[in-house]
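Here the structure is laid out as structure tokens; the discussion comes afterwards.
The values are calculated or read from the model by the stated rules, or taken from the named source; none is laboratory data. Just so you know, these numbers come straight off a predicted model, no measurement behind them. Methodologically, a virtual Cβ is constructed for each residue, glycine included, from the backbone with ideal geometry; neighbour enumeration extends over all protein chains shown.
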Amino acid sequence: MSQSSKRHTNTFLQHAAMAPFDEVTGAAPVPLPSMRTSTVRFRNLEALEGVAAQKKEGKRIFTYGRSGMDTHGALESIFCELETAKYAYLASSGMAAITLAFLSFLKQGDHVIVADCSYGPVRRLDAAVLSRFGIKVSYCRAVPDVIKQNLTPQTRMLYVESPGSLLLEMLDLPALAQFATEHNLIMATDNTWGLGFYNPLELGVDVSVVAGTKYLNGHSDLLLGAVMVNNDELAAQLDSTHYALGYSISADDAWLAIRGARTLPLRLSQSAESGLKVAKWLRESPIVDKIYYPALDSDDGHLLWKRDCKGSNGLMSIRLKTSHKNARNFVNSLKLFGIGFSWGGFESLVQLVDKAALVPHEYWGNSDYPLVRLYVGLEHVDDLIADLQQAITTIS
Ligand SMILES: Cc1ncc(COP(=O)(O)O)c(C=O)c1O
């Protein structure tokens, strides 16, 4: 697995995962093919033994389909590049990547502190799995003073997400990483939102988890996750858990994800430019009470965003100054924003947020207004604004 070098990531993404030249003809297709196989064949036992010896020395070498082939290796190197990581471990979804991080670093009797703004299904992992294995979880605001109150002698890990799911609350990752170091905690963060322009590992975080399902693939047609680390010891724990649990993704999904990754920077910058335009336009609307979008100068986390991020994307939440019934009508009236849970694809999406998912959450306050999540995709921004305008007119 490679670490980033001096040339730009965009250049790396265009030249990664190229097919090697045929030794006889000197010709090659451009992209590395999807290397579908369960079994790896060896010319003879000496070849097998040679490979096994190299593997023992820690070389990433392919001996069986489950641990991935060259297509998987190429995708791992892309995750490493994007996250300036030494190691990347692939998982079949973002949620599977989160699970891998928890199961790799925690054991019976351990305690983990989870930021209350983290992706909701982490609570299901806790309820359905961690609790059965004697791992305790506490949820709290992700600020050092509050986390400190939740520390126990058994606390082993701090798990956060920045910005938080739903309200996009920016966290002070360097301060949290320093706190984690001082208290001997492994710190993990979900960096699905920031892949490509926010670098938790460079900010001092130990473990970065990404749902490649979103922007990395970018085409709303596969599920994918990855866990990245730089530390050799953490990598060894991930490696053995990944293998023991039989984590594996299809070569075709890896291939599609590589194809998506080549245009990640372009898609991100277009989506961010349109997102900011939409957010600024919405801010002027009398129907909008508050916009949660870190790249917007009025957002509560804007200064942290400016300090720690090199870009943005098209995801935002808006609190509407209207009734829940009107918010439903607003969502139903939109024609270019599909109603769906995901984001990061080419197409714009909208969702009426279930308020139960926000409770308890101090960042929200006591407002009774409804929350709508918008994902601004790659359609022309003027058409998206016109669509929002007609939906606002419908309920005004
Ligand atoms: C921030 C975040 N993390 C993780 C996930 C889980 O990804 P997946 O749907 O691939 O399991 C999601 C999905 O919405 C997400 O938004």
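Out of (1) more than 20 Å from L223 (Cα to Cα); (2) surrounded by fewer than 16 Cβ atoms within 10 Å (Cβ to Cβ), the odd one out for R66 is which?
(1)
Applying the selection to region 317-347, what residues are crowded, with 18+ Cβ neighbours inside 10 Å, within 16 Å of the ligand (Cβ to nearest atom) and polar (S, T, N, Q)?
The answer is S317, and nothing else.
For L384, work out the one condition from (1) in a helix (DSSP H, G or I); (2) touching a residue at least 60 places away in the same chain (Cβ under 8 Å); (3) more than 30 Å from T263 (Cβ to Cβ) it doesn't fulfil.
With respect to (1) in a helix (DSSP H, G or I); (2) touching a residue at least 60 places away in the same chain (Cβ under 8 Å); (3) more than 30 Å from T263 (Cβ to Cβ), L384 is out only on (3).
Answer yes if at least one residue in region 362-377 is touching a helix residue (DSSP H, G or I) at 6+ places or on another chain (Cβ under 6 Å) and assigned to a helix (DSSP H, G or I), and no otherwise.
Scanning region 362-377, I find no residue that is touching a helix residue (DSSP H, G or I) at 6+ places or on another chain (Cβ under 6 Å) and assigned to a helix (DSSP H, G or I), so the answer is no.
Pairs please, first residue from region 34-51 and closer than 20 Å to G73 by Cα, second anywhere and of a type in the set (D, E) and surrounded by 13 or more Cβ atoms within 10 Å (Cβ to Cβ), Cβ atoms under 9 Å, 6+ apart in sequence or on different chains.
What qualifies is S34/D252; S34/D253; M35/D70; R36/D252.
Check whether at least one residue in region 365-373 is within 20 Å of R267 (Cα to Cα) and either surrounded by 13 or more Cβ atoms within 10 Å (Cβ to Cβ) or not β-branched (V, I, T) (or both), and report yes or no. Before the answer, list the steps.
Quick first cut of region 365-373, residues within 20 Å of R267 (Cα to Cα) only: 373.
Now narrow it down to the ones that are either surrounded by 13 or more Cβ atoms within 10 Å (Cβ to Cβ) or not β-branched (V, I, T) (or both): 373.
Yes, that holds for at least one residue.
Take S34 and decide whether it is assigned to a loop (DSSP other than H, G, I, E, B), of a type outside the set (A, V, I, L, M, F, W, C), under 30 Å from W193 (Cα atoms) and away from the ligand (no atom under 16 Å from the Cβ).
Details: assigned to a loop (DSSP other than H, G, I, E, B): yes; of a type outside the set (A, V, I, L, M, F, W, C): yes; under 30 Å from W193 (Cα atoms): yes; away from the ligand (no atom under 16 Å from the Cβ): yes.
When the stated conditions are applied, S34 passes them.
Considering only region 88-141, state which residues are in a loop (DSSP other than H, G, I, E, B) and within 16 Å of the ligand (Cβ to nearest atom). Let's see the steps before the verdict.
Within region 88-141, the first condition is being in a loop (DSSP other than H, G, I, E, B), and the residues that meet it are 92-93, 106-110, 116-121, 134-135, 141.
Result: S92, S93, D116, C117, S118, Y119, G120, P121.
Taking region 167-208 on its own, how many of its residues are within 12 Å of the ligand (Cβ to nearest atom) and of a type in the set (F, W, Y)?
The total comes to 1.
Determine which single condition D239 fails, assuming it passes every other condition in (1) within 16 Å of the chain's Cα centre (by Cα); (2) in contact (Cβ under 8 Å) with a residue 40 or more places away in the chain.
(1)
Can you find a residue that is within 28 Å of the chain's Cα centre (by Cα), small (G, A, S), farther than 16 Å from D289 by Cα and modelled with pLDDT under 95 anywhere in region 360-373?
No - not one qualifying residue is present in region 360-373.
Is region 309-316 home to any residue that is charged (D, E, K, R) and loosely packed, with under 14 Cβ neighbours inside 10 Å? Can you show your working first?
Keep residues of region 309-316 that are charged (D, E, K, R), which gives 310.
Right, trim to loosely packed, with under 14 Cβ neighbours inside 10 Å and you get 310.
The answer is yes; a qualifying residue exists.
Select from region 217-256 the residues that are within 16 Å of the ligand (Cβ to nearest atom) and within 20 Å of N199 (Cα to Cα) and list them in ascending order.
Residues satisfying the conditions are N217, G218, L224, G225, A226, V227, M228.
Of everything in region 349-361, what is more than 16 Å from the ligand (Cβ to nearest atom) and part of a loop (DSSP other than H, G, I, E, B)? Give them in sequence order. Break it down stepwise before answering.
Let us first name the residues in region 349-361 that are more than 16 Å from the ligand (Cβ to nearest atom), namely 355-356, 359-360.
Matches in region 349-361: V359, P360.
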